[in-house]
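Comments concern the structure below.
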Amino acid sequence: MEALFATERIKELAPILKQFVLEELVPLEKDHLTRPFKQTEIILQEKREKVKALGLWGLHLPKEEGGQGLTLCEFGQLSELMSLAPYYGQYSFNCQPPDIGNTELISKFGSESIKQQFLQPLLEGKIRSCFSMTEPEFPGSNPTRLGTTAVRDGDHYVINGHKWFTSSADGAAFAVVMAVTNPEALPHERASMIIVPTDTPGFELVRNIPIFGETGEGWASHAEIRYTNCRVPVSNLIGQEGAGFRLAQERLGPGRIHHCMRWIGIAEKAFDLLCKRAVSREMEEGVMLGEKQFIQGFIAESRVEIDAARLLVLRTAHNIDLYGAKATRDQIAGIKFYVANMFLKVLDRAIQVHGGMGLTDETMLANLYQHERGARIWDGADEVHKQSLALSILKQYGLDIKKKKANK
Ligand SMILES: Cc1cc2nc3c(=O)[nH]c(=O)nc-3n(C[C@H](O)[C@H](O)[C@H](O)COP(=O)(O)OP(=O)(O)OC[C@H]3O[C@@H](n4cnc5c(N)ncnc54)[C@H](O)[C@@H]3O)c2cc1C
């Protein structure tokens, strides 16, 4: 916990939440890889009820939607603690992506009828959702290029397209689909976000895509989806027609804080395992692994890097609270690539000090690495964020590359 940002509310909530995570969730994760997913779902249902009873449900929400009205900076600190149980933490508190992003999006931009029909059951944890933007045929790094279309037909949109990496689609009740509604408009104003219930005729979950050879189920899935003549009412549009790109930016700003704080929690977990290994593995008689200077380097560097990342993310969250996501764009880009690289490096060091065992499922390290390697790709690849930050800095020095391109 970073004392600099610990408000009274955080001092009150953090110990209760941490105790719940350590006592109720961490022991369950020992059998995560061997227990059938359906059984895990049932167990976690009970845990979610306990979270509600503790008054810790939906911590990211404003008070009028049943949350605690926390600032993003406050919520971020709790999100880190949830991640001490990397598999079950966020889900038990109903703060798991992509639902957390979708609830924030709909809460901010959805109409009253959308809120009634889709947001309410999502907030209550009765349904799950997914976010369907990336397509196999177009670069996800440039979301102004999309093949999926939504054509107006009376009071309906007819949606056709092909998506993949729609996380958590397996078992979700609805998808927020990014589709082109205004093909003649400027590139950033062509697409819209439209809710498509997954029982709509024409919605086809083609497969759950294996990641590093593992095919996830339920909320841990990443699906390929085909939308074939899916008819949904025009009232399923979120915000304005053509506002999809802007809403995506709004959705991803706070979302990156959530991810970064989750990664910091995982980094702490890996760091703990690294240190435990350093003091328990005897390399020569009476000489522990932690007495080797290489390993001391791992420990010292990891400690400082995790702390630096936390400070950066909390500063960014604090600035979003004060000035909004748009004004904090550069800092958001910075933490996305910095923290993703930091925690993967710490995970890698922790794997290294475990030797061969680090690659097995004896610890959760290998599986976490496999699950989380995507952090440097999804929600904007490293290179995209670095480019965006660098261009913004260069603009302050008089080099406006975007303008230069537009004038060509
Ligand atoms: C585990 C996982 C979960 C995901 N979940 C979702 C989800 O729920 N919903 C959803 O819609 N999408 C999701 N995605 C998709 C993800 O957002 C995209 O993979 C990402 O945006 C990159 O798009 P792409 O795969 O099409 O790669 P491309 O856009 O083809 O980019 C390929 C590579 O090119 C490089 N590159 C890109 N732009 C530049 C540049 N300007 N300069 C230099 N190099 C560059 C980067 O290294 C990048 O990795 C998920 C992906 C993964 C791996």
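Suppose we keep only residues that are part of a loop (DSSP other than H, G, I, E, B) and surrounded by 15 or more Cβ atoms within 10 Å (Cβ to Cβ) within region 356-371. Which one would you say is nearest to the ligand (Cβ to nearest atom)?
Of the residues in region 356-371, the ones part of a loop (DSSP other than H, G, I, E, B) are 360-364.
Filter once more, keeping what is surrounded by 15 or more Cβ atoms within 10 Å (Cβ to Cβ): 363-364.
On the way: T363: 21, M364: 17 Å.
Per the criteria, the residue is M364.
Which of the residues belonging to region 125-138 are without any contact (Cβ under 8 Å) to a residue 12 or more places away in the chain and surrounded by 13 or more Cβ atoms within 10 Å (Cβ to Cβ)?
Within region 125-138, F138 is the sole residue that qualifies.
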Give region 139-157 a look and list any residue that's surrounded by 15 or more Cβ atoms within 10 Å (Cβ to Cβ), free of Cβ contacts under 8 Å to residues at least 60 places away in the same chain and among the polar types (S, T, N, Q), or say none. T149
Look at region 91-107 and say how many of its residues are surrounded by fewer than 23 Cβ atoms within 10 Å (Cβ to Cβ), under 20 Å from G55 (Cα atoms) and touching a Lys or Arg at 6+ places or on another chain (Cβ under 8 Å). 1
Which ones in region 76-89 are touching a His at 6+ places or on another chain (Cβ under 8 Å) and surrounded by 24 or more Cβ atoms within 10 Å (Cβ to Cβ)? G76, S79
Checked pairs for region 58-82, first in contact (Cβ under 8 Å) with a residue 60 or more places away in the chain and part of a loop (DSSP other than H, G, I, E, B), second among the aromatic types (F, W, Y) and crowded, with 22+ Cβ neighbours inside 10 Å, C-beta under 7 Å and 6 or more apart or across chains, list as H60/F75
Look at region 83-93 and say how many of its residues are away from the ligand (no atom under 16 Å from the Cβ), out of contact with any Ser or Thr (no Cβ under 7 Å at 6 or more places or on another chain) and either at pLDDT below 95 or not in a loop (DSSP other than H, G, I, E, B) (or both). 1
Say whether the condition of being over 18 Å from E268 (Cα atoms), surrounded by 15 or more Cβ atoms within 10 Å (Cβ to Cβ) and within 14 Å of the ligand (Cβ to nearest atom) is met by at least one residue in region 342-349. no
With criteria (1) within 23 Å of T134 (Cα to Cα); (2) of a type outside the set (A, V, I, L, M, F, W, C); (3) not in a helix (DSSP H, G or I), G398 comes up short on (1)
I need every pair where a residue in region 372-394 that is more than 9 Å from the ligand (Cβ to nearest atom) has its Cβ under 6 Å from the Cβ of a residue that is at pLDDT 95 or above and assigned to a helix (DSSP H, G or I), sequence separation at least 6 or different chains. H385/A333; H385/K336; H385/F337; L389/D330; L389/A333; L389/G334; S392/D330
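Counting residues that are under 17 Å from G244 (Cβ atoms) and either within 10 Å of the ligand (Cβ to nearest atom) or among the hydroxyl-bearing types (S, T, Y) (or both), which strands (runs of 3 or more DSSP E) fully inside region 117-182 reach at least 3?
Working: elements: 129-132, 149-153, 156-167, 174-180.
In region 117-182, 129-132, 156-167, 174-180 are the strands (runs of 3 or more DSSP E) which contain 3 or more residues that are under 17 Å from G244 (Cβ atoms) and either within 10 Å of the ligand (Cβ to nearest atom) or among the hydroxyl-bearing types (S, T, Y) (or both).
Sort out which residues of region 191-233 are hydrophobic (A, V, I, L, M, F, W, C) and loosely packed, with under 15 Cβ neighbours inside 10 Å, and write them in order of number.
So the first thing to find is which residues in region 191-233 are hydrophobic (A, V, I, L, M, F, W, C), and the list is 191, 193-196, 203, 205-206, 209, 211-212, 219-220, 223, 225, 230, 232.
Within region 191-233, V206, F212 qualify.
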Filtering region 207-247 down to residues that are under 22 Å from the mean Cα position of the chain (by Cα), acidic (D, E) and at pLDDT 95 or above yields E224
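The values are calculated or read from the model by the stated rules, or taken from the named source; none is laboratory data. Keep in mind it's a predicted model, so treat the numbers as computed, not measured. When we count neighbours, we look across all protein chains shown, and the Cβ atoms used for this are built from the backbone with ideal geometry, even at glycine.
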